[in-house]
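The values are calculated or read from the model by the stated rules, or taken from the named source; none is laboratory data. All of these numbers come straight from a predicted model, not from anything done at the bench. We place every Cβ from the backbone using ideal geometry, glycine too, and count neighbours over all the protein chains shown.
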């Protein structure tokens with residue numbers, strides 16, 4: 001059952017890859033199909049959408065079979081949650097495509113979905129038993145609702161990104177272009193993170209350390225990437241592995257810090273390579289493909305996504321979370337870092353809605369806000385779980 | 001304060017921007033603009049109208065959305081700062097916070113502590129921020145909802161052309177058969193579930209007006225929620241206590257005025273089976289046992305009405321229930337939660353009085369470590385007296401035996417052993433891993449025989465009378481949020497004069513849906529599809545750029 005589940009997820013991944021290609025062709029293909037009129041490019045969009053649906057059905061298959069294998073909803077650790085977030089994002093895309101039929105949204109969303117699923121796959125993926133705190137029906141209710149909410153909000157980011165790439169002036173080198181390229185670089189870094197992890201996993205790389213942990217005890221830690229950053233008072237146990245250049249303080253997870261550094265460095269290399277090939281900013285290279293896109297429509301898609309996602313996220317991430325916290329942790333609110341960051345997400349989008357409705361922050365400013373919102377969601381998923389320890393750090 | 005008279009003859013209150021009757025812009029600014037500002041229907045709002053007295057100034061400050069957004073952003077930033085290092089409640093309570101933050105996080109930790117960020121969410125300024133958020137919610141809502149409600153309730157069907165022309169969606173068509181067109185339009189819009197009103201050749205189709213109240217409903221919910229959160233600080237509203245109960249024992253539940261008691265029949269910790277097929281891999285990677293369940297088999301008792309406080313209570317059983325994580329025991333506004341435990345706490349110890357020379361055992365005594373007897377009479381002139389008892393033994397700074405607590409983690413005794421040979425008694429000191437004669441070579445000794453242990457459970461005692469407020473507030477908030485987010489308020493005006501038909505539309509959001517409605521209207525009736533002024537404006541701007 002577990003194997004079947006894994007295969008279904010693999011199918012989903014490749015379906016989404018295919019969908020990305022179809023959507024890209026549907027957006028860029030309009031030019032050379034111009035003679036047949038405007039509608040002709042849309043057939044590829046329909047193919048893309050059908051492929052997305054097939055991929056999504058396969059993802060549901062993954063979810064159900066894994067649930068059957070584990071005996072509990074597969075949303076209980078980093079692998080399962082992150083995968084589910086990717087699936088939720090594709091689900092949100094299906095909803096918004098249904099309303100607006102915008103192929104370009106697929107061209108941007110599906111690669112992000114693939115990236116999230118690929119990121120999830122670097123975490124240990126075996127089926128884990130539930131610790132007592134997680135044994136509750138609220139696990140599935142709270143976590144799935146939150147993930148779907150975050151998925152819909154992320155569509156706001158994808159649409160915002162399209163808006164920025166479509167409208168920014170890439171001939172002028174300013175702050176805006178810099179930050180847009182920074183987003184591109186961040187996405188490239190995630191790609192390189194996944195690539196590096198797989199390359200060294202195939203090479204079976206390992207480096208073990210004896211070190212002193214935050215409680216002053218001796219402990220062991222195994223790196224899967226060459227250690228640039230070593231643990232606190234670390235002593236290398238593996239022969240032939242490289243000696244760390246820097247030693248990290250005890251309170252920091254040095255193996256994670258090392259992975260982050262590797263991703264950022266590899267990201268720089270990959271990004272530089274892309275710039276060399278394209279000979280212009282990545283955003284600037286994509287821009288011509290988006291000529292036919294109406295910025296207002298994309299702006300509305302982005303706002304619509306947030307208007308749909310915000311109540312769902314609030315319900316899952318705050319209300320259901322509070323109900324469960326009252327049952328499991330004796331109080332509905334306890335200022336745990338994850339709780340606080342859910343509140344921060346909520347406040348951020350609340351500010352977004354007020355700015356948009358009352359202060360008229362449409363278009364570009366609204367798009368930048370969507371980018372920041374997505375950054376907060378990712379921060380809460382990655383940084384708060386892995387670095388800031390708290391009650392939620394179960395993975 | 002002058003009232004404003006519109007050309008249509010209607011007298012509007014001071015501060016009105018769009019005539020309440022016909023919608024004509026009343027201020028110069030509005031007359032010159034290509035689009036009217038439709039927010040709050042151009043009605044006079046207190047905050048935009050008066051700014052004289054102190055009350056006006058405070059009112060205007062808190063009713064401003066700009067101020068509201070600043071409060072939200074400040075709360076956001078402050079809240080996130082609180083997660084940089086753990087809050088005081090999450091650090092071990094055995095350490096001095098000042099030292100802890102300095103030792104663990106260096107100079108940054110020291111600054112964090114000095115600024116009071118270790119207890120950020122309980123600080124006066126954070127509370128003040130939340131309070132001002134509440135005030136802003138109340139004032140900003142009242143300032144807007146009242147005029148908006150009046151304006152929408154009293155809105156008239158015929159509108160001035162100046163009003164229609166300045167809508168974002170506006171179109172003009174010359175038709176042959178005006179009546180017929182209007183009837184068709186009516187049918188189309190009815191099919192789209194618009195409410196339709198007609199007056200003198202004008203038509204107003206409206207739907208989803210209730211979504212306009214969404215924001216005010218959710219603000220009301222938030223205010224109730226925050227009120228509930230504030231009530232926490234009133235005495236009697238909130239109980240947060242812990243009760244430790246040993247197996248087989250019954251303890252009074254703190255906070256219940258001695259009315260309720262809890263018995264711990266058994267406490268267990270269950271682990272996952274390491275050979276479990278499904279979880280084998282994960283369990284191996286975890287490297288140690290993984291807990292499956294913490295459980296207290298508990299019995300809840302209530303003091304019988306007849307018994308008097310202070311005397312040994314007569315108890316009536318209320319219910320028997322397992323308390324597990326995620327399964328608290330609830331009664332009468334209280335809940336007991338599985339919080340902590342201690343396995344195998346020493347409970348009784350058994351010793352025998354032995355004759356050293358013959359090895360003969362005279363008798364055994366069982367000592368309850370929580371309630372040791374003063375003496376144990378063994379008959380025939382044999383007797384054991386507990387001279388001193390140290391439940392958690394250590395030598396103090398003066399080198400004398402003492403105890404650090406009353407919990408028997410390391411019990412030690414000084415026994416006085418009486419026998420026919422020694423009617424004055426011999427002294428011996430007995431502890432874990434030690435058995436010493438106090439004064440001289442004794443003829444008798446106390447030999448350790450057996451020990452009985454018990455598990456102890458710790459339960460959180462919680463009463464929270466603010467919960468009804470929280471639940472009602474959160475529910476209203478959620479209803480308002482959905483109401484405002486998933487529906488939009490759309491209006492379509494159609495005005496006909498002879499062969500001229502003007503159509504205009506307004507939506508408070510999701511214009512694409514309104515545009516689709518217009519599209520079907522246009523398809524069915526032949527009326528021209530209205531142009532989107534905002535789109536035109538933006539297109540012009542981007543052309544100018546390119």
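For the stretch B:173-197, how many residues are outside any helix (DSSP H, G or I) and modelled with pLDDT under 90? Qualifying residue count for the region: 5.
The set of residues in the stretch A:214-265 that are part of a helix (DSSP H, G or I) and within 19 Å of residue A:204 (Cβ to Cβ) comprises A:255, A:258, A:259, A:262. Has the stretch A:151-168 got at least one residue that is touching a helix residue (DSSP H, G or I) at 6+ places or on another chain (Cβ under 6 Å), more than 30 Å from residue A:49 (Cβ to Cβ) and not in a helix (DSSP H, G or I)? No: the stretch A:151-168 contains no residue that is touching a helix residue (DSSP H, G or I) at 6+ places or on another chain (Cβ under 6 Å), more than 30 Å from residue A:49 (Cβ to Cβ) and not in a helix (DSSP H, G or I). Suppose we filter the stretch A:107-150 for residues that are more than 8 Å from every other protein chain (Cβ to nearest Cβ) and within 22 Å of the chain's Cα centre (by Cα); how many remain? Adding up the residues that qualify gives 30. Close contacts from the stretch B:20-32, counting a first residue that is not assigned by TED's automatic domain parsing to the domain that holds residue B:204 and a second that is part of a helix (DSSP H, G or I) and surrounded by 15 or more Cβ atoms within 10 Å (Cβ to Cβ), with Cβ to Cβ under 7 Å and a gap of 6+ residues or different chains, come to B:20/B:151; B:22/B:163; B:23/B:163; B:24/B:162; B:24/B:163; B:25/B:162. When residues in the stretch A:323-340 are screened for being crowded, with 19+ Cβ neighbours inside 10 Å, more than 7 Å from every other protein chain (Cβ to nearest Cβ), part of a helix (DSSP H, G or I) and under 27 Å from the mean Cα position of the chain (by Cα), 4 of them pass. Taking the stretch B:151-169 as the range and being touching a helix residue (DSSP H, G or I) at 6+ places or on another chain (Cβ under 9 Å), in a helix (DSSP H, G or I) and over 11 Å from residue B:23 (Cα atoms) as the test, only B:152 passes. In the set (1) more than 10 Å from chain B (Cβ to nearest Cβ); (2) out of contact with any helix residue (DSSP H, G or I) (no Cβ under 6 Å at 6 or more places or on another chain), the condition left unmet by residue A:316 is number (2). Which of the residues belonging to the stretch B:371-384 are within 30 Å of residue B:343 (Cα to Cα) and surrounded by fewer than 16 Cβ atoms within 10 Å (Cβ to Cβ)? Scanning the stretch B:371-384 gives B:371, B:373, B:374, B:375. Out of B:518, B:477, one residue alone is in contact (Cβ under 8 Å) with a residue 60 or more places away in the chain, touching a strand residue (DSSP E or B) at 6+ places or on another chain (Cβ under 9 Å) and in a helix (DSSP H, G or I). It is B:518.
Annotation note: Cβ proximity below 6 Å between a residue of the stretch B:37-49 that is under 19 Å from residue B:156 (Cβ atoms) and a residue that is modelled with pLDDT of 80 or more and assigned to a loop (DSSP other than H, G, I, E, B) (sequence gap 6+ or interchain) occurs for B:42/B:17; B:44/B:13; B:44/B:15; B:44/B:16. Of the numbered criteria (1) surrounded by 21 or more Cβ atoms within 10 Å (Cβ to Cβ); (2) not in a helix (DSSP H, G or I), the one residue A:146 fails is (2).
Which residue is nearest to the other protein chains (Cβ to nearest Cβ), if the candidates are limited to the stretch A:64-76 and must be out of contact with any helix residue (DSSP H, G or I) (no Cβ under 6 Å at 6 or more places or on another chain) and surrounded by fewer than 21 Cβ atoms within 10 Å (Cβ to Cβ)? Spell out how you get there, then give the answer.
First, pick out the residues of the stretch A:64-76 that are out of contact with any helix residue (DSSP H, G or I) (no Cβ under 6 Å at 6 or more places or on another chain): A:64, A:67-68, A:70-72.
Still in the list and also surrounded by fewer than 21 Cβ atoms within 10 Å (Cβ to Cβ): A:64, A:67-68, A:71-72.
Numbers: A:64: 16, A:67: 12, A:68: 10, A:71: 7, A:72: 10 Å.
Out of the qualifying residues, it is A:71.
Of the residues making up the stretch B:451-471, none is in contact with a helix residue (DSSP H, G or I) (Cβ under 9 Å, 6 or more places away or on another chain), modelled with pLDDT of 85 or more and within 30 Å of residue B:179 (Cβ to Cβ).
For the stretch A:347-360, name all the residues that are more than 8 Å from chain B (Cβ to nearest Cβ) and either touching a residue at least 40 places away in the same chain (Cβ under 8 Å) or buried (at least 19 other Cβ atoms within 10 Å of the Cβ) (or both).
Let us first name the residues in the stretch A:347-360 that are more than 8 Å from chain B (Cβ to nearest Cβ), namely A:349, A:352-353, A:356, A:360.
A:349, A:352, A:353, A:356, listed by residue number.
Report whether or not residue A:297 is facing chain B (nearest Cβ under 8 Å), crowded, with 18+ Cβ neighbours inside 10 Å and touching a strand residue (DSSP E or B) at 6+ places or on another chain (Cβ under 8 Å). The answer is no for residue A:297.
Of everything in the stretch B:59-73 that's free of Cβ contacts under 8 Å to residues at least 60 places away in the same chain and either more than 10 Å from chain A (Cβ to nearest Cβ) or surrounded by fewer than 14 Cβ atoms within 10 Å (Cβ to Cβ) (or both), which residue is farthest from the chain's Cα centre (by Cα)?
The initial filter retains those residues of the stretch B:59-73 that are free of Cβ contacts under 8 Å to residues at least 60 places away in the same chain, namely B:60-61, B:66, B:69-70, B:73.
Next, only the ones that are either more than 10 Å from chain A (Cβ to nearest Cβ) or surrounded by fewer than 14 Cβ atoms within 10 Å (Cβ to Cβ) (or both) stay: B:60-61, B:66.
Values: B:60: 31, B:61: 29, B:66: 27 Å.
By that ranking, first place goes to B:60.
With the structure loaded, tell me whether residue B:233 is touching a strand residue (DSSP E or B) at 6+ places or on another chain (Cβ under 9 Å) and not in a helix (DSSP H, G or I) or whether it fails that test. Give the steps one after another, and end with the answer.
Numbers: touching a strand residue (DSSP E or B) at 6+ places or on another chain (Cβ under 9 Å): no; not in a helix (DSSP H, G or I): yes.
So residue B:233 fails the test.
Scan the stretch A:275-292 for residues that are modelled with pLDDT of 85 or more and either within 14 Å of another protein chain (Cβ to nearest Cβ) or closer than 17 Å to residue A:161 by Cβ (or both) and jot them down. Passing the criteria: A:281, A:282, A:283, A:284, A:285, A:286, A:287, A:288, A:289, A:290. Filtered by the rule that a residue be away from chain A (no Cβ under 12 Å) and touching a residue at least 40 places away in the same chain (Cβ under 8 Å), the stretch B:231-248 gives B:231, B:236, B:237, B:243, B:244, B:245, B:246, B:247, B:248.
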